[in-house]
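Visitor: This structure is in structure tokens; I'll ask about it shortly.
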Amino acid sequence: MVIPNAAQDSVLSRLAALLQNVAYAEDISPWIVSADPRPCRAPTDMTTLDIGASTMAANVLNCAVVYCHSPGLANDASVLAAAIKASKPLARFVAFTLPARFTRDYTTPVEIKEEFRERLPFDFVFLLEHAHPNPPFLDPGFARHIVYVPNVEWITAADERVVASGSIDTVLLKTRYSGVVFSGLACSKRVKNGQLFTGWTSADVGEPAAAERLWEQCLHVCGKSPQKNADVVVTTWMQNPDLPPMTVVASARAGLICT
């Protein structure tokens, strides 16, 4: 991850020190991939994962991440946990995985299990994709610093209202383009400590042996997401015969049309 210089006395410098110079040589998925895939039946029935040492220490970084259940966001949580633990090996990381309806429900309170209340407030809470304002996530007693990690194509009017309220301390940006999009929102000026470009990464699930990777072939995995622009990719590939062969993995419901 690439982190710009920041003032030493700001939360940005703390995040920079936390995430800079992170190596991703190992498969990080076991840290959060075990999240319960079953849909939660009630706000109190959510996945909580405790990642870190079994005992607390005064100087241990205490973090939480909040997101609605999906494979992609579970992977993002893994990436974030890996970055934090690579920099702070003793960091403790708790993931709150919400039911899908919480992408629209921004008012229902979420009960925090007693076993986690004793470590409040967290040093950081990271809100993935949506700026979930459900109590107690934005309360000062829940976390000292509130960090929003948007996927800008999924920002809703409700998310913009949360940001406009001034509740967000820092916004982490995965790409330079996401910074352009987010900065174009009127609410972006209300982020207390501004935006921080981190970049992003993912585990290499293939783990190829030396010289095993083939650069003469390409893979495009769009699944069922129209945001992957598979039609444009495939059309461009077919119009350029000099490009190497490409395999496309898509859901039949994705509406992939190639002519």
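Visitor: Considering only region 141-177, state which residues are hydrophobic (A, V, I, L, M, F, W, C), under 24 Å from PRO226 (Cα atoms) and without any contact (Cβ under 8 Å) to a residue 60 or more places away in the chain.
Guide: VAL152, TRP154, ILE155, ALA157, ALA158, LEU173
Visitor: Would a scan of region 187-205 turn up a residue that is free of Cβ contacts under 8 Å to residues at least 24 places away in the same chain, assigned to a loop (DSSP other than H, G, I, E, B) and over 27 Å from ASP105 (Cβ atoms)?
Guide: no
Visitor: Follow-up. If a residue must be aliphatic (A, V, I, L, M) and at pLDDT below 85, how many such residues does region 182-203 contain? Write out each step before concluding.
Guide: Narrowing region 182-203 to residues aliphatic (A, V, I, L, M): 185-186, 191, 196, 203.
Cutting the leftovers down to at pLDDT below 85 gives us 203.
So the count comes out to 1.
Visitor: Can you confirm whether GLN217 is within 25 Å of PRO133 (Cα to Cα) and either touching a residue at least 12 places away in the same chain (Cβ under 8 Å) or among the hydroxyl-bearing types (Ser, Thr, Tyr) (or both)? Even if it seems obvious, please write down each step before you answer.
Guide: Working: within 25 Å of PRO133 (Cα to Cα): no; either touching a residue at least 12 places away in the same chain (Cβ under 8 Å) or among the hydroxyl-bearing types (Ser, Thr, Tyr) (or both): yes.
For GLN217, the condition - within 25 Å of PRO133 (Cα to Cα) and either touching a residue at least 12 places away in the same chain (Cβ under 8 Å) or among the hydroxyl-bearing types (Ser, Thr, Tyr) (or both) - is not met.
Visitor: For residues that are among the hydroxyl-bearing types (Ser, Thr, Tyr), assigned to a loop (DSSP other than H, G, I, E, B) and out of contact with any Leu (no Cβ under 6 Å at 6 or more places or on another chain), scanning just region 163-181, find the one that is modelled with the lowest pLDDT.
Guide: THR175
Visitor: Here's something else I'd like to know. Which strands (runs of 3 or more DSSP E) does region 85-162 wholly contain that include 3 or more residues that are modelled with pLDDT under 95 and surrounded by fewer than 16 Cβ atoms within 10 Å (Cβ to Cβ)? Break it down into steps so the answer makes sense when it comes.
Guide: Numbers: elements: 92-98, 122-128, 143-149.
Correct list: empty, since no element meets the threshold.
Visitor: Would you say GLY206 is modelled with pLDDT under 85, on the phi > 0 side of the Ramachandran plot and not assigned by TED's automatic domain parsing to the domain that holds ALA77?
Guide: Working: modelled with pLDDT under 85: yes; on the phi > 0 side of the Ramachandran plot: no; not assigned by TED's automatic domain parsing to the domain that holds ALA77: yes.
Here the answer is no, as GLY206 does not meet what is asked.
Visitor: Cβ-Cβ distance below 9 Å, separation of 6 or more or different chains: which pairs start in region 119-140 with a residue that is on the phi > 0 side of the Ramachandran plot and assigned by TED's automatic domain parsing to the domain that holds VAL65 and end on one that is among the aliphatic types (A, V, I, L, M) and buried (at least 19 other Cβ atoms within 10 Å of the Cβ)?
Guide: Going by the 9 Å Cβ cut-off, the qualifying pairs are GLU129/LEU73; GLU129/VAL149; GLU129/ILE155.
The values are calculated or read from the model by the stated rules, or taken from the named source; none is laboratory data. The structure presented is a predicted model; accordingly, all values stated were derived computationally and were not measured. Backbone-built Cβ (ideal geometry, glycine too); neighbour counts: all protein chains shown.
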